[in-house]
Amino acid sequence: VSGSIEIAGKPLIWHVIHRLEHSRRIGAIVLATTTNPADDPLAAWAGREGVACVRGSEDDVLGRFALAAEACDPDIIVRVNADAPLIDAGFIDAMLDAMIAEDADFVMLKPGTVALHDGVDPMSRRALNLMLAEAREDPVAREHVTGWLKLHPHRIKVALMTPDPAYAFEGARLSVDTPDDVAFIEA
């Protein structure tokens, strides 16, 4: 779906990739899409744009993450939703800085803090490998990936981050799921 939606004349995924390219911490970007023929145009777009792309089961997001990790062998993986065109590279870098400083497997906001961010979760390769070993058939891990980490924080080392006050905002919906969302984001 995100490959066919346009925001300001560009595919939705272009905005996501373009913003990720501004990160000082992200070294490689891999689009992990499905083998469903409906996603062929998305994979073709990635090929034309020089974006690495892996394809896997529509019913196994975790498996697609494993394929993406195999493609570039990272120490840290940043889960980014393809429907979040307003992600902020500076915020992602701050999350990664907090994670790296504590040699953590995952980063979450400190309890009681809020931040204007959507669709981004960094995790260590150790955390991904743990999920692949122990939660491969868990529906939460297979579909939402980092949701499993949030449900089992005692299984990993979690860095708690206090976001920069500039990001302090609650209640904004920044993802694109409906035509109204497209109109809002374009405005």
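Given the criteria open to solvent by 70 Å² or more (accessible area, probe 1.4 Å), within 26 Å of Phe106 (Cβ to Cβ) and assigned to a loop (DSSP other than H, G, I, E, B), does Arg19 qualify? So Arg19 does not fit the description; no. Residue count for the range 102-125, restricted to those that are out of contact with any Lys or Arg (no Cβ under 9 Å at 6 or more places or on another chain) and either of a type outside the set (Gly, Ala, Ser) or open to solvent by 20 Å² or more (accessible area, probe 1.4 Å) (or both): 10.
When Arg25, Arg64 are checked against the criterion of being outside any strand (DSSP E or B) and either open to solvent by 30 Å² or more (accessible area, probe 1.4 Å) or of a type in the set (Phe, Trp, Tyr) (or both), a single residue qualifies: Arg25. Listed by first and then second residue, the pairs with beta-carbon distance under 7 Å, at least 6 apart or on different chains, first residue in the range 46-66 and within 16 Å of Ile29 (Cα to Cα), second β-branched (Val, Ile, Thr) and assigned to a helix (DSSP H, G or I), are Val51/Ile17.
The set of residues from the range 80-101 being in contact with a strand residue (DSSP E or B) (Cβ under 9 Å, 6 or more places away or on another chain) and open to solvent by 30 Å² or more (accessible area, probe 1.4 Å) comprises Val80, Asn81, Ala82, Asp88, Ala94, Asp97, Ile100, Ala101.
Residue-wise test of (1) touching a helix residue (DSSP H, G or I) at 6+ places or on another chain (Cβ under 9 Å); (2) at pLDDT 95 or above; (3) under 25 Å from Lys150 (Cα atoms).
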| site | (1), (2), (3) |
| --- | --- |
| Leu20 | yes, yes, yes |
| Arg25 | yes, yes, yes |
| Ala44 | no, yes, no |
| Leu62 | yes, no, yes |
| Asp83 | yes, no, yes |
| Asp103 | no, yes, yes |
| Pro111 | no, no, yes |
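Out of all the residues in the range 67-79, which are within 26 Å of Lys110 (Cα to Cα) and open to solvent by less than 40 Å² (accessible area, probe 1.4 Å)? Within the range 67-79, Pro74, Ile77, Val78, Arg79 meet the criteria. With respect to the conditions (1) in a helix (DSSP H, G or I); (2) farther than 24 Å from Val176 by Cβ; (3) touching a strand residue (DSSP E or B) at 6+ places or on another chain (Cβ under 6 Å), Asp39 falls short on a single one, namely (2). Residue check: Trp14 meets all listed conditions (1) of a type outside the set (D, E, K, R); (2) open to solvent by 40 Å² or more (accessible area, probe 1.4 Å); (3) not in a helix (DSSP H, G or I) but one, namely (3). Report, by residue number, each residue of the range 152-187 that is part of a helix (DSSP H, G or I), surrounded by 14 or more Cβ atoms within 10 Å (Cβ to Cβ) and among the aliphatic types (A, V, I, L, M). Those that are part of a helix (DSSP H, G or I), surrounded by 14 or more Cβ atoms within 10 Å (Cβ to Cβ) and among the aliphatic types (A, V, I, L, M): Val182, Ile185.
Asn129 passes every criterion in (1) in contact with a helix residue (DSSP H, G or I) (Cβ under 9 Å, 6 or more places away or on another chain); (2) under 23 Å from Arg155 (Cα atoms); (3) open to solvent by less than 60 Å² (accessible area, probe 1.4 Å) apart from (3).
The values are calculated or read from the model by the stated rules, or taken from the named source; none is laboratory data. These numbers were taken from a predicted model, which means no experiment stands behind them. Ideal geometry is used to build each Cβ from the backbone, glycine not excepted, and the neighbour counts take in all protein chains shown. SASA here: full protein model, heavy atoms, side chains in, ligands and nucleic acids out. Shrake-Rupley method; radii C 1.70, N 1.55, O 1.52, S 1.80 Å.
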